[in-house]
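The values are calculated or read from the model by the stated rules, or taken from the named source; none is laboratory data. None of the values given here were measured: they were computed from a predicted structure. Cβ: placed from backbone, ideal geometry, glycine included. Neighbour counts: every protein chain shown. Heavy atoms of the whole protein, side chains included, go into the accessibility calculation; ligands, DNA and RNA do not. Shrake-Rupley method; radii C 1.70, N 1.55, O 1.52, S 1.80 Å.
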Amino acid sequence: MFDVYKACLRLRWPLRFVPIFDRNSTDNYLTTTLLIKEFTMGEIDAAFVVEPEHRPKPSTIEVEEIPVIDLSVSNTEDQLQQVASEIGNACKNWGFFQVINHGVPLELRQRVEKVAKTFFDLPIEDKRKAKRDELNFTGYHDMEHTKNVRDWKEVFDMLAQEPTLLPASPDPDDEEITAYTNKWPDSPPEFRETCQEYSREVEKLGCKLLELISISLGLPANRLSDYFKHQTSMLRLNYYPPCPSPELALGVGRHRDGGALTVLAQDDVGGLQIKSQADGEWIPVKPIPNSYIINIADSLQVWSNNLYVSAEHRVVVNSTRERFSIPFFFFPSHYVTVKPLEELVNEQNPAKYKEYSWGKYYVNRTGSNYTKLEAENVQIDHYKTSE
């Protein structure tokens, strides 16, 4: 460790980064060595550095904000149809919208935000006691990759249902099913109960939104309900530390979510950006207190036969403030076959996707988060029918 300090002094490297490393950890020593080696990349490990064309750019341009929808005004049939119509327009034009008056108790949200901060403030050795691995993807993780670039974040993942059943592998001929259960940290003691209570409330909101989306497509409210009888949904806690070179790294690289929809709580720091469907520019999503950001994910784009869009998005970081967010990923049952809904397919509007297994698709994408791959992981574009 003394050699590390000497090297930092020689390079005039900021010493504030050094104390996070354990002098007895080979991994941390190697990480430190890489950080010093890649000092010319802006004080961060090269694994975090995004390709130049995808790096965030400072912008002072005023942009149109994504739609904000009040869910409390849906008591009568006319109001319900009006809210569904607003949601439908947002799904077509943005793939994102925010909801207010959503029914999730503010006090519960504040409690889960508190336990998230308490957990991520723990020493690294305590957090890693609940570390996820390739046999169980729940728990703590600090080396997630998006588009083969390491994300500047730490996460804690937990399943909404225990056990959750998923295919053992993405191999189409492998019929083995694995039952997954959650890993839980010892501290804070209220972590498990608070997260489970919060997950149940946000799940209710997700179900309500699925009904409104079904109505917006001209379908019965319960049209998609059977796909979630044995859901594979997941709640995630995200922590984005301050980044010494936010112009080089991303909290999460550009991507589209794979499931049905995502219900996101973010703090007042902000950082989420969505790619405009009109001009491809990155649009920051301004936090609204006690609101949720909703985005359409790949499965809904396929079910809607491209009527609704799963928009690309990313998370930028900053050099001064830590940021927290809590997404709930609403995923179907593992045995669901995802394909355009038959009510939305006809001779004039044929199916734009071939069918695929949600469980196999999910397992394939989840496995790609651990390390760099030789090729891009599976996307819904791989299932597009020929024009």
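Quick check on my filter: what residues within the range 134-146 are under 30 Å from Thr337 (Cβ atoms) and open to solvent by less than 50 Å² (accessible area, probe 1.4 Å)? Quick ask: steps written out before the conclusion?
Our first condition is that a residue be under 30 Å from Thr337 (Cβ atoms); within the range 134-146, this holds for 134-139, 141, 144-146.
Selection gives Asn136, Phe137, Thr138, Gly139, His141, Glu144, His145, Thr146.
What number of residues within the range 130-181 are part of a loop (DSSP other than H, G, I, E, B) and either modelled with pLDDT of 95 or more or not polar (S, T, N, Q) (or both)?
Kept after step one, since they are part of a loop (DSSP other than H, G, I, E, B), are these residues of the range 130-181: 132-138, 142-144, 147-148, 151-153, 160-163, 168-176, 181.
Add one more test, that the residue is either modelled with pLDDT of 95 or more or not polar (S, T, N, Q) (or both), and what stays is 132-135, 137-138, 142-144, 147, 151-153, 160-163, 168, 170-176, 181.
Result for the range 130-181: 26.
Filter the range 338-386 down to residues that are modelled with pLDDT of 95 or more and aliphatic (A, V, I, L, M) and give me whichever is surrounded by the fewest Cβ atoms within 10 Å (Cβ to Cβ).
Checking each candidate, the answer is Val345.
Each row is one residue, and each column tells you yes or no for (1) open to solvent by 60 Å² or more (accessible area, probe 1.4 Å); (2) outside any helix (DSSP H, G or I); (3) modelled with pLDDT under 95.
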| residue | (1), (2), (3) |
| --- | --- |
| Gln79 | yes, no, yes |
| Ile87 | no, no, no |
| Gln98 | no, yes, no |
| His102 | no, yes, no |
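In the range 147-169, which residues are open to solvent by less than 60 Å² (accessible area, probe 1.4 Å) and either closer than 30 Å to Ala249 by Cα or of a type in the set (Asp, Glu) (or both)?
Asn148, Val149, Arg150, Asp151, Trp152, Lys153, Glu154, Val155, Phe156, Asp157, Met158, Leu159
Tell me, yes or no, whether the range 211-219 has at least one residue that is open to solvent by less than 50 Å² (accessible area, probe 1.4 Å), assigned to a loop (DSSP other than H, G, I, E, B) and out of contact with any Phe, Trp or Tyr (no Cβ under 7 Å at 6 or more places or on another chain). Steps first, answer last, please.
Our first condition is that a residue be open to solvent by less than 50 Å² (accessible area, probe 1.4 Å); within the range 211-219, this holds for 212-217, 219.
Keeping just the survivors that are assigned to a loop (DSSP other than H, G, I, E, B) gives 217, 219.
Keeping just the survivors that are out of contact with any Phe, Trp or Tyr (no Cβ under 7 Å at 6 or more places or on another chain) gives 217, 219.
Yes, there is a match, as at least one residue in the range 211-219 is open to solvent by less than 50 Å² (accessible area, probe 1.4 Å), assigned to a loop (DSSP other than H, G, I, E, B) and out of contact with any Phe, Trp or Tyr (no Cβ under 7 Å at 6 or more places or on another chain).
How many of the residues in the range 259-272 are part of a loop (DSSP other than H, G, I, E, B) and either at pLDDT 95 or above or surrounded by fewer than 23 Cβ atoms within 10 Å (Cβ to Cβ) (or both)? Break it down into steps so the answer makes sense when it comes.
Keep residues of the range 259-272 that are part of a loop (DSSP other than H, G, I, E, B), which gives 259-260, 267-271.
Adding the requirement that they be either at pLDDT 95 or above or surrounded by fewer than 23 Cβ atoms within 10 Å (Cβ to Cβ) (or both) leaves 259-260, 267-270.
Summing the residues that are part of a loop (DSSP other than H, G, I, E, B) and either at pLDDT 95 or above or surrounded by fewer than 23 Cβ atoms within 10 Å (Cβ to Cβ) (or both) in the range 259-272 gives 6.
For the range 182-204, what are the residues that are of a type in the set (Phe, Trp, Tyr) and assigned to a loop (DSSP other than H, G, I, E, B)?
Scanning the range 182-204 gives a single hit, Trp184.
If you take the residues of the range 104-126 that are assigned to a helix (DSSP H, G or I) and within 21 Å of Asp70 (Cβ to Cβ), which of them is farthest from the chain's Cα centre (by Cα)?
Taking the range 104-126 first, the residues assigned to a helix (DSSP H, G or I) are 106-120, 124-126.
Those left that are additionally within 21 Å of Asp70 (Cβ to Cβ): 106-109.
Working: Leu106: 21, Glu107: 23, Leu108: 21, Arg109: 18 Å.
Taking the candidates together, the pick is Glu107.
Residue by residue through the range 196-210, note down the ones that are open to solvent by 40 Å² or more (accessible area, probe 1.4 Å) and of a type outside the set (D, E, K, R).
Here is the first cut: in the range 196-210, the ones open to solvent by 40 Å² or more (accessible area, probe 1.4 Å) are 196-197, 200-201, 203-204, 207-208.
Correct list: Gln196, Cys207.
At pLDDT 95 or above, out of contact with any Pro (no Cβ under 7 Å at 6 or more places or on another chain), polar (S, T, N, Q) and surrounded by fewer than 19 Cβ atoms within 10 Å (Cβ to Cβ): does that describe Ser310?
On the way: at pLDDT 95 or above: yes; out of contact with any Pro (no Cβ under 7 Å at 6 or more places or on another chain): yes; polar (S, T, N, Q): yes; surrounded by fewer than 19 Cβ atoms within 10 Å (Cβ to Cβ): no.
No, not satisfied.
Take the residues of the range 172-186 that are touching a residue at least 60 places away in the same chain (Cβ under 8 Å) and over 23 Å from Pro327 (Cα atoms): which is least open to solvent (accessible area, probe 1.4 Å)?
Within the range 172-186, the match that is least open to solvent (accessible area, probe 1.4 Å) is Ile177.
Which members of the range 104-132 meet the condition of being hydrophobic (A, V, I, L, M, F, W, C) and either open to solvent by 10 Å² or more (accessible area, probe 1.4 Å) or touching a residue at least 60 places away in the same chain (Cβ under 8 Å) (or both)?
Val104, Leu106, Leu108, Val112, Val115, Ala116, Phe119, Phe120, Leu122, Ile124
For every residue, the table says whether it meets (1) polar (S, T, N, Q); (2) within 26 Å of Lys204 (Cα to Cα); (3) assigned to a strand (DSSP E or B).
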residue: Pro289; (1), (2), (3): no, yes, no
residue: Val302; (1), (2), (3): no, yes, no
residue: Phe324; (1), (2), (3): no, yes, yes
residue: Tyr335; (1), (2), (3): no, yes, no
residue: Asn346; (1), (2), (3): yes, no, no
residue: Asn349; (1), (2), (3): yes, no, no
residue: Gly359; (1), (2), (3): no, yes, no
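Looking only at residues in the range 302-323 that are of a type in the set (Ser, Thr, Tyr) and in contact with a Gly (Cβ under 8 Å, 6 or more places away or on another chain), which one is nearest to Glu247 (Cα to Cα)?
Going through the qualifying residues, I end up with Ser310.
What pairs can you find where one residue is in the range 228-253 and in a loop (DSSP other than H, G, I, E, B) and open to solvent by 10 Å² or more (accessible area, probe 1.4 Å), the other is at pLDDT below 95 and of a type in the set (D, E, K, R), and their Cβ atoms are less than 6 Å apart, with a gap of 6+ or different chains?
Sorted first by the residue in the range 228-253, then by its partner, the pairs are Pro244/Glu43.
Considering every residue within the range 187-195, establish whether at least one is polar (S, T, N, Q) and open to solvent by less than 30 Å² (accessible area, probe 1.4 Å).
Step one: list which residues in the range 187-195 are polar (S, T, N, Q), which gives 187, 194.
Narrowing further to those that are open to solvent by less than 30 Å² (accessible area, probe 1.4 Å): 194.
Yes, that holds for at least one residue.
Can you tell me which of (1) within 30 Å of Ser85 (Cβ to Cβ); (2) at pLDDT 95 or above is the one Tyr335 doesn't meet?
The number of the failed condition is (1).
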